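The values are calculated or read from the model by the stated rules, or taken from the named source; none is laboratory data. Worth saying up front: this structure is predicted, and the values here are computed from it rather than measured. Here Cβ is always computed from backbone atoms with ideal geometry, including for glycine, and neighbour counts include all displayed protein chains. When the accessible area is computed, the model is the full protein with side chains, heavy atoms only, and any ligands, DNA or RNA have been set aside. Shrake-Rupley method; radii C 1.70, N 1.55, O 1.52, S 1.80 Å.
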Amino acid sequence: MISLSDFKHEHSPHSVAVSVKDLGLTYTTSIDKKPTLKARLKTLGRGKKHTRIVRALNDVSIDVHYGTVLGIIGSNGAGKSSLMRVISGIVPPTQGRVEVYGSVSTLLALGVGFNPSMTGRDNVYLGGLAAGMSREEIDSNFDAIADFSELGEAIDAPMRTYSSGMYARLAFSVAAVVEPDILIIDEALSTGDAKFKEKSLNRIKELRTADRALILVSHALATIEDICNEVVWLNKGKLMMRGNPSEVIAAYREFVDARKSASSDEDV
Amino acid sequence: MEKPVVVYEPFRAGLPPMREYLRSLWSRRTFIAEFSRSELREQNYGSVFGQLWLILNPLLLSAVYFLLIYVIGGSSDANRFGHLTANLFLFYLIANSLTGGVKAITSGQRLILNTSFPRVMLPISATIIALFKFMPTLIVFAIIHAVIGLPYSWQMLWAIPILLIALIMALGMAILISCINVYFRDISSMLPYLTRSLLYLSPILYEATNVSDRIKTLEIANPIFFLLDSWSRVVVHAQAPSMNGLMHATAWALFLFISGTYFFLSRERDFAVRL
């Protein structure tokens, strides 16, 4: 879920928050599902390669300034999540360099660190601590988190009794109280029902300030166009276009439509 | 131009900046405690006795061996029963740390892929869980000790440094095996046989004094042989441990801890792409 790096940082508005230079990322994945000793021994001496190289990112350079809300769009497998993982320090890059000028909070998946057999209340602490908050910080924010999640008395029930919507709402609420310099959100906005979606969107809008940088990954193009003031379009690990939201989104839509018609032609 | 706070560059096998790493680990100490606590609760979730199992487990285990030694074996040797329970409980500290540690990284996939934190936290928490399970067994043993009338003496204070050595060894093993399991998943299937062999190769079902000198020389290769022997001498016989035995245990503990930690820390940034 969220993770707040331990570094406090002073910065001026509009200075660089994240600088990504010539970033390349290749995954070496094994063809076998799991890297076992047996598989190793079987291929030993035969010179057979048991790995496959996947290029997830290819020469991507992006600067994100404070005060910017950067949207990242692209089809599945474009490298969006990989880019977010490199910026948050989860995956080391294969090439290039990433410089981060501030504390980063990442919201890449909801409810990571949650333990379903514990109550919602326990999980607020567990999730908050996983995010790098201190117990005191969570104590003072607890009521706000509980209110935001709209769980009411269910907060004291074990989380395995929750519906998926309730689960996601609590996870987002924990994430929403962290106030980092740089916030990275991957596909986490589409949680809960329409009302909660609206509420979380408003929370994101509140977080848009001059001394903060937001990076949003989403397939919801209308939301991206609404919130962001800059958009980057990735395709197959390459940076296709960057700039004004409406222009980039229009180009992306055209690209997707063209591909769609091409593939539908093939069917005939 | 401001100085970057963090820089991410291509992965090279090597230690991360240690001061920052340790600081970041230290700042997560409450998370480690909370995480271990919730994992422990998860293990007993849904059972009628819940956390009471932490006490019930060692009680039932010693009851089984009571049956074996006193009832079936017909022996009335209190030392033997005391030795067996004391060493079995300490052995389980090591074994639980290994079984918890082996999957610490591979089952923490979701956490690792989505959050940035010092990965060594996961095997540490496996050892903490093993320690949580061990502490009630100490109480159970203290009661057994009193009931069967084993001797007491000041030499029993040696138990504290021995426990410390055992903890360092358990932690080192958990860290090492969690890292090995990322690269060779077979190790988790092999582990039950490894721990079972360790159980029979160590002075638990028998006493170290019953082992021939030739075998004892070979037991230098067993990290816990002299650790368990020292433990039994101290808590069962209330004697001082042999210094050679203590040195052997310390050397193994430090070797496992240092090599395991080095191996782990120099590779942990690679884990996310291997899961």
Is there any pair linking a residue in the range B:229-258 that is farther than 15 Å from B:Met156 by Cβ to one that is surrounded by 18 or more Cβ atoms within 10 Å (Cβ to Cβ) and among the hydroxyl-bearing types (Ser, Thr, Tyr), with Cβ under 8 Å and at least six apart or on different chains, and which?
B:Ser242/B:Ser230; B:Gly245/B:Ser230; B:Ala249/B:Ser230
Could you please give the count of residues in the range B:247-275 that are crowded, with 16+ Cβ neighbours inside 10 Å and modelled with pLDDT of 90 or more?
11
Residue in the range A:64-79 that is touching a residue at least 12 places away in the same chain (Cβ under 8 Å), open to solvent by 10 Å² or more (accessible area, probe 1.4 Å), facing another protein chain (nearest Cβ under 10 Å) and outside any loop (DSSP other than H, G, I, E, B) present:
no
Within the range A:102-129, which residues are among the hydrophobic types (A, V, I, L, M, F, W, C), facing another protein chain (nearest Cβ under 8 Å) and farther than 23 Å from A:Ala17 by Cβ?
A:Val112, A:Met118, A:Leu126, A:Leu129
Looking at this structure, is A:Ser200 without any contact (Cβ under 8 Å) to a residue 40 or more places away in the chain and open to solvent by 80 Å² or more (accessible area, probe 1.4 Å)?
no
Restricting attention to the range A:204-253, the residues that are within 17 Å of A:Ser82 (Cβ to Cβ), of a type in the set (A, V, I, L, M, F, W, C) and open to solvent by less than 30 Å² (accessible area, probe 1.4 Å) number exactly 6
Scanning the range B:209-245 for residues that are in a helix (DSSP H, G or I) and buried (at least 21 other Cβ atoms within 10 Å of the Cβ) gives B:Phe225, B:Phe226, B:Leu227, B:Leu228, B:Asp229, B:Ser230, B:Trp231, B:Ser232, B:Arg233, B:Val234, B:Val235
Give the range B:33-53 a look and list any residue that's modelled with pLDDT under 85, open to solvent by less than 40 Å² (accessible area, probe 1.4 Å) and part of a helix (DSSP H, G or I), or say none.
B:Gly50
Of all residues making up the range B:186-204, the number that are open to solvent by 60 Å² or more (accessible area, probe 1.4 Å) and either of a type in the set (Lys, Arg) or in contact with a Leu (Cβ under 7 Å, 6 or more places away or on another chain) (or both)
1
Report yes if some residue within the range A:180-203 is at pLDDT below 85 and assigned to a strand (DSSP E or B); otherwise report no.
yes
Where the second residue is polar (S, T, N, Q) and the first is modelled with pLDDT under 95 and lies in the range B:186-202, which pairs have Cβ atoms under 6 Å and are six or more apart or on separate chains?
B:Asp186/A:Thr36; B:Ile187/B:Asn181; B:Ser188/B:Asn181; B:Leu201/B:Asn222
Kindly establish whether A:Ala144 is at the interface with chain B (Cβ under 9 Å from one of its Cβ atoms) and among the aliphatic types (A, V, I, L, M).
no
Can you give me the number of residues within the range A:118-134 that are in contact (Cβ under 8 Å) with a residue 24 or more places away in the chain and open to solvent by 10 Å² or more (accessible area, probe 1.4 Å)?
4
Could you say which residue among A:Glu99, A:Glu136 is in a helix (DSSP H, G or I), within 26 Å of A:Arg212 (Cβ to Cβ) and within 14 Å of another protein chain (Cβ to nearest Cβ)?
A:Glu136
So, B:Pro151, is that one surrounded by fewer than 18 Cβ atoms within 10 Å (Cβ to Cβ) and assigned to a loop (DSSP other than H, G, I, E, B) or not?
yes
If you take the residues in the range B:96-106 that are open to solvent by 10 Å² or more (accessible area, probe 1.4 Å) and within 8 Å of the chain's Cα centre (by Cα), which one is farthest from B:Arg119 (Cα to Cα)?
B:Asn96
How many residues are touching a helix residue (DSSP H, G or I) at 6+ places or on another chain (Cβ under 9 Å) and either modelled with pLDDT of 90 or more or open to solvent by 30 Å² or more (accessible area, probe 1.4 Å) (or both) when one looks only at the range A:163-173?
3
